[in-house]
Structures are given as structure tokens and as C-alpha cells.
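One structure below.
The values are calculated or read from the model by the stated rules, or taken from the named source; none is laboratory data. Quantities reported herein were computed from a predicted structural model and do not represent experimental measurements. Cβ coordinates were reconstructed from backbone atoms using ideal geometry, including for glycine residues, and neighbour counts include every protein chain displayed. Heavy atoms of the whole protein, side chains included, go into the accessibility calculation; ligands, DNA and RNA do not. Shrake-Rupley method; radii C 1.70, N 1.55, O 1.52, S 1.80 Å.
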Amino acid sequence: MNNWREHARTLGAAVIVALLLLAAGSYLLFGSVGNGLKLVRAMYTIRHNYVHAPDPNDLVDHALAGMVQGLGDPYSYYLPSKEYARLTQAVEGKLVGIGVLLSATADGAKIITVFAGGPADAANLPPGAIIVGVDGEGVRGWDLPQIVAKIQGPAGSSVRLQLLRTDGTELETELQRQAFTIPTTEQRMLESDIGYLRIIQFTDETPAAVDAALAELRYNGMRKLVLDLRKNPGGSLQAVTKVAAHFLPAGEVVRIVPRNGTAETFRTTGREYEFPVAVLIDQDSASASEILAAAVQDWESGTLIGRTTYGKGTVQAILPLTGSEGVRLTIAEYYSPKGRTINGHGVEPDITLREEEVDTPAALTAALNHLRNQ
């Protein structure tokens with residue numbers, strides 16, 4: 001009898017400890033014990049009462065997606081396994097897909113860039129066209145990661161796209177997916193002493209690519225540079241900080257401020273080779289490309305030409321939840337060396353072009369004319 005009572009007391013103590021831990025965990029994670037119990041009860045109720053037995057893994061995925069979506073931040077979203085792998089590969093510069101760079105629109109996904117040598121290039125997909133359907137399913141109102149995940153798939157498989165051209169006509173085409181490395185730079189000489197460098201986006205590969213491109217341009221006689229950041233959607237913060245060393249004096253590149261208010265300042269040791277720079281920007285220059293443009297403007301180390309940039313002044317991190325899933329979460333805002341906020345405002349050019357000029361050869365002509373006088 002005494003042993004039974006001892007076991008009962010031990011069991012009772014264990015239950016009390018478990019309840020206290022559950023209550024503490026619910027409070028820390030969900031703000032109150034009630035919120036934690038509400039989530040558990042919702043999961044239990046749906047699993048045991050819905051007319052068709054749901055997959056509990058799907059329920060968890062949708063709950064996590066809704067949790068992040070509830071933040072009201074277009075740059076934060078849940079990453080199930082396929083999307084987590086895709087986004088991790090994109091930062092590394094390696095993907096399996098059709099070879100395009102996309103941006104979100106109300107109607108679907110706009111083709112910003114068609115990468116040379118990819119399936120989209122071979123099919124002559126036109127930049128500016130909007131992907132409105134994938135494999136016969138309309139994508140209007142979808143988040144960009146959902147559209148990208150729908151387009152991507154195993155190398156060698158096919159995907160059918162429905163597109164809307166800029167002139168309003170429709171196009172349908174079938175492409176075969178293939179593995180490719182995202183090119184991050186293009187360079188050439190424009191005149192005997194004026195070079196051209198386009199940074200397509202900032203991945204882990206970009207700093208080395210920029211180093212090589214500038215070395216080649218200098219070897220070919222470059223003394224002035226057109227730096228093209230048009231249609232650059234951004235990318236890695238570490239990559240743009242390294243690239244900035246070619247265009248800024250020693251000092252601050254960007255200031256990152258998380259919610260605790262403790263700023264982290266990213267600095268560069270400064271450029272070893274100075275040359276006049278004209279930086280082309282447009283309304284699709286975003287995030288990391290805005291960091292570089294704002295720093296160049298603040299340090300007066302170059303001239304911005306084009307249109308006001310997109311205005312994405314927040315920093316996202318890909319945070320793992322498990323080995324194969326995670327969240328892309330906004331973790332901080334960034335400010336230019338002079339303390340300017342870019343989020344929702346963008347970076348204004350020093351020389352403004354008309355909207356119809358910014359993505360035409362007229363923009364390059366304006367940059368050349370500016371540099372010729374330097």
C-alpha cells in the first residue's frame with residue numbers, strides 16, 4: 001500500500017510538472033496558456049471531426065503558413081521542404097528551372113530577366129511578359145514563391161506556361177527544365193576607356209564574379225564605369241557588402257537595425273582603384289541593389305541615373321525549422337550611411353530619366369554622356 005501511495009505521489013508530481021511546463025511553454029510561445037490550448041484543440045477537432053481524414057503534416061504546414069502570413073509582411077513566408085531547398089539554392093546561385101528572373105505582379109509573375117543559355121532563352125520568352133498560368137492552372141493572386149515552386153521541378157521534366165505579352169497578346173509554350181547556375185554579372189567595353197558592368201543579382205557567387213569582371217575591364221583600358229543595377233532584385237547582404245569595396249571609400253556601407261534597436265554596421269575597407277562611376281537604377285532595383293545605390297550616393301562616389309528604386313528596405317533571413325523546412329522572415333530594417341530609410345521610399349536618382357527611357361538604350365546613352373564629361 002505504501003508503495004502504491006508513493007507511486008501515486010510521484011505520478012501526481014510528474015503530471016503537475018508537465019502541466020506547469022505546458023503552461024509556461026504556451027505562455028512563452030503563444031502569449032497565453034489559452035492560445036496554446038486553442039491551437040491544440042483546433043488541431044484535435046479538425047483531425048477527428050472533418051468529413052475526410054486530413055493529413056496531419058498538411059495541417060501543420062498550413063498552420064505555419066497562416067501564422068507567418070498573419071504578420072502582414074509580403075517578404076516573410078513559410079517554406080515547406082521544396083521551397084526551402086529552392087530558396088537556399090537561389091542564394092547559392094544554383095537552380096533547376098527555366099532560366100528566368102521573376103517579380104510579383106497582381107496578375108502573376110513578370111519576367112524581369114531571361115538568362116542566356118537557359119530554356120526560356122531558347123524559347124525566346126520576352127522580358128516584360130507576365131506568367132499568368134502554369135500547367136493550365138491560373139496563378140493570379142499567388143505569392144511569388146508559390147509560382148516559382150510551380151514552375152520548378154526535376155531536371156528534364158516539362159512545364160507549360162501561359163503568358164501575357166506587353167502588347168496584351170497571349171502566348172503558350174512548353175519548356176524543359178534544366179539545371180543551371182545563375183549568372184550574376186555581364187561586362188564589356190563601351191568605349192576605349194568606358195567599361196560596362198551589369199550586376200544581375202547578388203548571390204554568394206557575385207563578389208568573385210565582380211572581381212574578375214573589373215579586372216578584365218581594367219586590363220582592356222577601363223578608366224570609367226557604367227554600373228547597371230536595373231532590374232536587380234537584390235539578394236545576399238554579405239555579397240553586396242563585399243562588392244561595395246570596389247565603389248566606396250573606407251567606411252560604412254549599411255546599418256542594419258533589428259527589433260531590439262541595436263544597430264549592426266557593415267563596413268568596407270575601401271576601393272584600391274578609383275574611377276568615375278555612373279549607376280543605372282530603375283523601379284525594379286530592390287533590396288541589396290538599393291543598399292549599394294544609396295551608399296554610392298551618400299558617399300558621393302558615383303552618380304545615380306534613372307528612376308526611383310523599388311523601396312525594399314528590410315532584411316530577410318532564411319531560418320530553418322527542421323532539416324528541410326524553414327521560414328523566410330524579415331528580421332531587420334536597413335539604413336544608408338547617412339541614416340536614410342529606404343523602405344517604402346526607394347533611392348532617388350541624381351539624374352532622372354523619363355519612365356519610357358529608363359529601360360531602353362537611351363539610359364545607357366545618358367550614362368555615357370555623363371561619364372564623357374568626367
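Structural remarks
- Counting only DSSP H runs of at least 4 residues, each contributing -39500 (n - 2.57), and dividing by the residue count of the chain, the helix-based mean residue ellipticity at 222 nm comes to -11000 deg cm²/dmol.
- What a 1.4 Å probe finds exposed on the chain is 54% carbon and sulfur by accessible area, rounded to a whole percent.
- Once the chain from R218 to L321 is taken as fully extended at 0.36 nm per residue, the excess over their C-alpha distance is 32.5 nm.
- Relative packing of peptides 197-204, 314-321, 332-339, 63-70 - highest average C-beta neighbours within 10 Å first: 197-204, 332-339, 314-321, 63-70
- Prolate/oblate/rounded label for the stretch 227-343 (Cα gyration tensor, a/c 1.5): prolate
- All-pairs Cα distance distribution in the chain, expressed in whole percent, bin size 10 Å: 5, 19, 27, 22, 13, 6, 4, 2, 1, 0, 0
- Sequence-ordered 3J(HN,Hα) estimates for the stretch 213-225 from the Karplus curve with 6.51, -1.76 and 1.60 and θ = phi - 60° stand at 5, 5, 4, 5, 5, 5, 4, 8, x, 5, 10, 9, 9 Hz, glycine and proline given as x.
- Per-residue packing, averaged as other Cβ atoms within 10 Å, sorts the ranges 222-232, 121-131 into the order 222-232, 121-131, beginning with the highest.
- Volume of the convex hull of the stretch 128-241 (Cα atoms only), normalised per residue: 145 Å³.
- Applying 1/(1 + (r/R0)^6) with R0 = 41 Å to the Cβ-Cβ distance of A53 and T105 gives a FRET efficiency near 0.60.
- FRET efficiency, D211 to Q238 (Cβ-Cβ, R0 22 Å, nearest 0.05): 0.90
- Difference of contour (0.36 nm per residue) and Cα-Cα distance, T360 to V40: 109.6 nm
- At an R0 of 25 angstrom, the distance between the Cβ atoms of S157 and S81 translates into a FRET efficiency of 0.90.
- Just checking the listed ones, V40, V358, V243: in the Gaussian network model of the chain with Cα springs under 10 Å, the one fluctuating most is V40.
- When the listed pairs K150/K242; K38/K150; K242/K312; K38/K312 are checked against a 30 Å cut-off, the alpha-carbon distance exceeds it for K150/K242; K38/K150; K38/K312.
- In the chain, taking the dipole from charged Cβ atoms about the Cα centre, the farthest positive-side position among S81, L237, I46 is held by I46.
- Where the stretch 163-316 is the region considered: accessible area per residue in Å², 1.4 Å probe: 42
- Taking 17 Å as the straight-line reach from the Cα of K82, the aspartates and glutamates in range (excluding those fewer than 8 positions away in the same chain) are D58, D61, E92, D143, E325.
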